[in-house]
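These notes concern the structure reproduced below.
The values are calculated or read from the model by the stated rules, or taken from the named source; none is laboratory data. Values in this document were obtained by computation on a predicted structure and should not be read as measured data. Here the Cβ positions follow ideal geometry from the backbone for every residue, glycine too, while neighbour counts run over all protein chains shown. For the accessible areas, the whole protein counts, side chains as well, though only heavy atoms, and no ligand, DNA or RNA atoms are used. Shrake-Rupley method; radii C 1.70, N 1.55, O 1.52, S 1.80 Å.
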Amino acid sequence: MVETPMDIEELEVPPLYEHYRIVVDKGQEPLRIDKYMFEKLQHSSRNRIQKAADAGFVHVNDRPVKSNYKVRAGDVVTLMLDHPQYDTTIEPEEIPLDIVYEDDALMVINKPAGMVVHPGCGNFHGTLVNAIAWHLRHHPDYDPNDPEVGLVHRIDKDTTGLLVIAKTPEAKSHLGLQFFNKTTHRSYCALVWSNFVEDEGRIEGNIGRDPKDRLRMAVFSPDSETGKPAVTHYRVLERFGYVTMVECVLETGRTHQIRAHMQHIGHPLFGDERYGGTEILRGERSSTYKAFIHNCLKLCPRQALHAQTLGFVHPVTGQQMDFTSPLPSDMQQLLEKWRVYMSNTVKNNILQ
């Protein structure tokens with residue numbers, strides 16, 4: 001008989017930390033847990049969930065399960081990982097802000113391209129709310145970690161333009177109600193691929209997470225139970241043959257609404273990599289034209305989208321507040337480049 005040495009210690013099992021928890025709804029039909037979690041987790045893929053389950057990180061009722069486990073009503077599903085969650089406490093950071101308007105109740109800020117609005121998904125520093133926390137660090141009633149103050153609405157990282165921030169719970173409640181009741185006014189300028197037959201139009205279609213790509217939104221039928229109702233109105237501002245400058249007015253404020261709606265009707269935003277806007281979708285096959293588009297994309301390396309106007313009723317004074325932000329320099333230069341290109345094209349056609 002071989003004796004086990006007394007000085008050999010058992011391998012220590014590393015601790016697991018809870019990153020996600022949900023109780024399965026009463027009406028839930030049996031469903032594979034990898035598919036169930038894929039539908040619930042916005043920033044993960046089914047393959048990653050399956051790997052997490054294989055590694056013992058997916059638990060149901062405090063016990064690890066495999067990816068083929070079928071969830072049932074009342075199950076407590078948790079994602080347990082071998083590292084603690086990132087500390088999402090918002091710390092003040094000295095970052096310049098373009099403040100359009102400010103008083104005791106609110107601020108209106110012109111956000112630059114490339115700035116994430118709120119920490120999360122790998123962007124935990126350098127965000128707009130970190131900058132606001134620094135600007136209001138001496139404000140006695142402003143706590144950047146209090147959800148009852150701060151951002152009233154959001155725009156994407158690479159979208160520029162106007163945002164309103166509430167300094168008090170009363171202001172945020174009042175402004176939030178205006179956004180909910182659709183009494184605010186917001187318009188965007190966007191350069192989109194292709195020409196429009198009509199001068200204006202309306203896009204209606206539910207917007208929800210794209211089941212094939214969790215980083216994109218998809219458009220579903222208004223009669224569908226998938227996604228949330230969304231309506232975008234558009235009006236042509238300037239035509240360049242292969243691309244068009246449009247104004248978009250939102251009835252609703254869904255994630256990626258303009259980007260998804262425009263892609264859905266065949267007009268992806270110029271430079272919008274996520275929705276196919278960095279491909280040459282219209283125009284010539286010549287190397288000169290391809291070089292021109294390449295230079296345009298270098299000039300404005302993002303979706304050409306700008307939140308230009310913002311209007312709301314002041315939560316304290318009751319006064320109508322309307323703000324306009326000029327196009328950022330990258331979009332101005334992009335439009336001018338297209339104007340020159342089309343002007344030269346017309347001249348060359350006349351000479352021929």
**Fill in**
When every protein chain stays in place and a 1.4 Å probe is rolled, M331, M342 sorted by accessible area with the largest first are M342, M331
**Message:** So for the chain, averaging the separation of alpha carbon pairs under 8 Å that are six or more residues apart and normalising by length, what relative contact order in percent results?
**Reply:** 13 percent
**Prompt:** Considering only protein heavy atoms, what is the solvent-accessible area of V249 at a probe of 1.4 Å, reported in Å² to the nearest 10?
**Reply:** 40 Å²
**Message:** In whole percent, and with a 1.4 Å probe on the protein chains, what portion of the accessible area of the chain is carbon and sulfur?
**Reply:** 50 percent
**Prompt:** Looking at this model, which pairs from K111/K228; K111/K167; K212/K298; K157/K182; K182/K228 are more than 19 angstrom apart at the alpha-carbon?
**Reply:** K111/K228; K212/K298; K157/K182
**Prompt:** What order do L31, L106 take when sorted by accessible area (1.4 Å probe), most exposed first?
**Reply:** L31, L106
**Message:** Can you give me the angle between helix 287-299 and the longest principal axis of the chain, using Cα atoms only, in degrees from 0 to 90, rounded to the nearest 10?
**Reply:** 60 degrees
**Message:** Quick check: Cα centre of region 253-327 to Cα centre of region 12-65, how many Å?
**Reply:** 36 Å
**Fill in**
Summed over the other residues with a beta carbon less than 13 angstrom from that of Q50, with K and R at +1 and D and E at -1, the charge totals +4
**Request:** Express in nm, to one decimal, how much length is gained between R202 and R21 on full extension, taking 0.36 nm for each residue of separation and deducting their alpha carbon distance.
**Result:** 61.2 nm
